[in-house]
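To start, the structure under review is shown below, and the notes come after it.
The values are calculated or read from the model by the stated rules, or taken from the named source; none is laboratory data. What you are looking at is a predicted structure, and each value in this text was computed from that prediction instead of being measured. Note that each Cβ is placed from the backbone with ideal geometry, even for glycine, and that neighbours are counted across all protein chains shown.
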């Protein structure tokens, strides 16, 4: 096979041996080999191949609409109006939808979603984002000049990392990321040739952050690279925890003391379900710590239209806010984003609606609130259900899904299974998930795709399927796990 | 100032001195200092500052809708239907718009534009793109598996360059780009730390490509880097030429002989105005050269929703087709794009409409053709007008605008002006354009932002303003040029 490939490739300019080595190192388990196999199986099912199941259930990716969640009516009305302004003359749309559409269109070149926006994003959208942040954070001021509209949060995160990375050898930039992490981070660091510095979340304390672990991780990293940034995902992906205010305070003090740039991935800020849990933005806590911190600590925070109650991933809308960024660097950031021209304008419009949603007294308010509340309540119910059912399975331990859209249970794998996986050259939890896919049609992502403590095994499963389907799915996972354990013990 | 900055920045993690040096090297004149000054002037005008003009005319960027071009009705109807499928029950939309919308929605997860698509793009859209390419190229086959939907063409181009770049020192990847070029290329190469290898277009022969110049450029580059790819923009940006079939054939033979990966930027493929000129896709010519070429030469070609008669830049829709790509590299490309999840789904939908536009017999066909033809005729008229008027100005020489959306005239600058510019530390054509902006409100991009032969000067001006405005603009440019020449002679 190796020989054949070489023969085939020897005349190509671009081969696996001549391509960018950093790209080869990138990995993204959420759409990795297991998902590719799931797509193959779907094709086989369509072609009439007999399987022990009739459909593949994709619980691998936080794609709410694909799992049946309905879009917010108001958002889609305004988007339709912006797309085809003739509809502004139609009586079927409520006045508040029309006025939002008019306002957005007036801010677009030629009153069209089809014009490029300013590189940083449409002015009035950035102003609305700033006001939203101020309301959210109890009045902490936000300057629209610090807001950049992005192509989903991913694009903002990669852009910030790109600004930060430099150096070679021992002075190469290191970036601290949690383990488990969302693999966009590890992939972006591989792409940029930066050093990934791992700090472990504490599974025993519901995936909280430990100051001592941050210190250990940093001290170790300083021996071989130059750690410059600390990334936090809150609420957590894949781990579903909601960090306490105290923890965020500790992290900010740590970043200030250790001279680290903070990156706060807060795309699940409305996805908080557990009682006693509350979302605290890094920005707000930073300002509550007083000017010593709020005037110095550099922070970039990220939000998106893809999660929360909206789930509008396909529009690739998002924003980032940068705080205490050196003005010269900010000019460079603006230049960098200008080269990609602008974030997709429909996504910018949608972001505007998220931060400027119907207000009490407006005609769409009641429906909007009903839809929003229904979606969030359902997610809360499914978070609870997932945790409860998984914890009834011997050999599976699941922390509370306090927020976000995923459970990340710990699974005990029998030694015999681990041995067999290794003999096949597979990571044990990949072996487990692949077997589950083949036997049940359920598509999960192995914990190894996010990182985990050596010798522990997990999977990530979204809580997004409709309740009925989720129950069936959880029952099947239980059944599979028992069978698997028995088979290999 | 230097001292102040250091004092200000010394406590920052991220400063101009500690940031990614490749990002600092990136330049993008289309949204560079002159555009920033134009935005300032607009603000000053709004604040009542008196100027020798009442509005800024932005002829710096190919943003058709911002210049008043109307979107295609059919496209926007389908986008509205996709955004808010309730409208499928409305009688105001023609049946073909509804059936297109239904087809797109059926291919979306949960029938929603808000779901992620497959990483490579929505299946049925890629199939439609493949059929479009086959029709365009007289039946040359196109495999939908070779089509990737992108976030505008820019994103596809950067992704391909990213795959190609590797090595250090003398084995660092070199990429051949035309001079003048669209500065996305130079910026992306700076970002990736690759070597920019310049080949000059022949201004005396209407900006055509010379084989001998390609040979010179390559031979020189091989002394200090490893040239792996050759980029061609056809129709040309900023230079507006349409390459002849013979020229494309020569380029393909050259790439084959010299073992270069070909990148064909064909986003202006419908923008061909000059009599006797015709768009020839690299793909088609490649296949017409026979299997010796069509089975071996690696080619990536790019298209987008942003130009042609659509001008829908804001949606960031686009595709690329890869031909003869090593299957292992293709797997890496698919992995790479999966990390950014997917191109914006509304842009994918729009791309679908472009490649699957109304057909004879369908209710929207007549209107669609009328709108399309009107836009393209108007552009052809404005291309001619621009060339003619500019050539009446002593000291300005303008090649025919055969295609695309820009004129790129040669301007003679008096020695005294060149001296004064240099004394101010400015590039002479930047000095000229900045002065024109201050005196007339016209915003152009200096030729130096695209590259030009030493000692020659140019500017890029879009042909997009409405005809009346374009005439005024051209008269003002003429007046300014005469005044400037007199002032400095």
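Summary of computed values
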{"quantity": "Exclusive hit being within 11 Å of chain A (Cβ to nearest Cβ) and at pLDDT 95 or above, set B:85, B:33, B:21, B:94", "calculated": "B:85"}
{"quantity": "Search result, residues across the range B:195-227 that are more than 24 Å from the chain's Cα centre (by Cα) and surrounded by 19 or more Cβ atoms within 10 Å (Cβ to Cβ)", "calculated": "B:221, B:225"}
{"quantity": "Hits in the range B:200-231 (condition: over 30 Å from residue A:193 (Cα atoms) and outside any helix (DSSP H, G or I))", "calculated": "B:200, B:201, B:202, B:206, B:207, B:208, B:209, B:210"}
{"quantity": "Candidate set: the range B:443-478, residues that are assigned to a helix (DSSP H, G or I) and without any contact (Cβ under 8 Å) to a residue 12 or more places away in the chain; chosen: the one farthest from residue B:392 (Cα to Cα)", "calculated": "B:468"}
{"quantity": "Within the range B:241-251, considering residues that are touching a strand residue (DSSP E or B) at 6+ places or on another chain (Cβ under 7 Å) and part of a helix (DSSP H, G or I), the one surrounded by the most Cβ atoms within 10 Å (Cβ to Cβ)", "calculated": "B:251"}
{"quantity": "Count - residues of the range B:293-316 that are in a helix (DSSP H, G or I), within 12 Å of chain A (Cβ to nearest Cβ) and either in contact with a helix residue (DSSP H, G or I) (Cβ under 6 Å, 6 or more places away or on another chain) or modelled with pLDDT under 95 (or both)", "calculated": "2"}
{"quantity": "Residue that is surrounded by the most Cβ atoms within 10 Å (Cβ to Cβ) [pool: residues in the range A:109-132 that are over 21 Å from residue B:318 (Cα atoms) and at the interface with another protein chain (Cβ under 10 Å from one of its Cβ atoms)]", "calculated": "A:122"}
{"quantity": "Segments classed as helices (runs of 4 or more DSSP H), wholly inside the range B:321-418, with at least 3 members that are more than 14 Å from chain A (Cβ to nearest Cβ)", "calculated": "B:365-390"}
{"quantity": "Lone qualifier among A:325, A:320, A:351 - being buried (at least 20 other Cβ atoms within 10 Å of the Cβ) and over 22 Å from the mean Cα position of the chain (by Cα)", "calculated": "A:325"}
{"quantity": "Filter result for residue A:276 (within 18 Å of residue A:376 (Cα to Cα) and surrounded by 20 or more Cβ atoms within 10 Å (Cβ to Cβ))", "calculated": "no"}
{"quantity": "Residues within the range B:189-212 that are in contact (Cβ under 8 Å) with a residue 60 or more places away in the chain and either over 17 Å from residue B:407 (Cβ atoms) or within 14 Å of chain A (Cβ to nearest Cβ) (or both), tallied", "calculated": "6"}
{"quantity": "Among residues of the range A:285-300, those that are farther than 12 Å from residue A:325 by Cα and crowded, with 21+ Cβ neighbours inside 10 Å, counted", "calculated": "2"}
{"quantity": "Of all residues in the range B:252-265 being part of a helix (DSSP H, G or I) and surrounded by 20 or more Cβ atoms within 10 Å (Cβ to Cβ), the one that is nearest to the other protein chains (Cβ to nearest Cβ)", "calculated": "B:255"}
{"quantity": "Hey, residue A:83 within 29 Å of the chain's Cα centre (by Cα) and more than 23 Å from residue B:115 (Cα to Cα) or not", "calculated": "no"}
{"quantity": "Which listed residue, of A:11, A:60, is in contact with a strand residue (DSSP E or B) (Cβ under 7 Å, 6 or more places away or on another chain) and in a loop (DSSP other than H, G, I, E, B)", "calculated": "A:60"}
{"quantity": "Filtered residues of the range B:63-78 (kept if within 26 Å of residue B:104 (Cα to Cα) and in a helix (DSSP H, G or I))", "calculated": "B:65, B:73, B:74, B:75, B:76, B:77, B:78"}
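So that you can scan it fast, the table gives a plain yes or no per residue for (1) more than 28 Å from residue B:342 (Cα to Cα); (2) without any contact (Cβ under 8 Å) to a residue 24 or more places away in the chain:
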site	(1), (2)
A:117	no, no
A:123	no, yes
A:131	yes, no
A:141	yes, yes
A:146	no, no
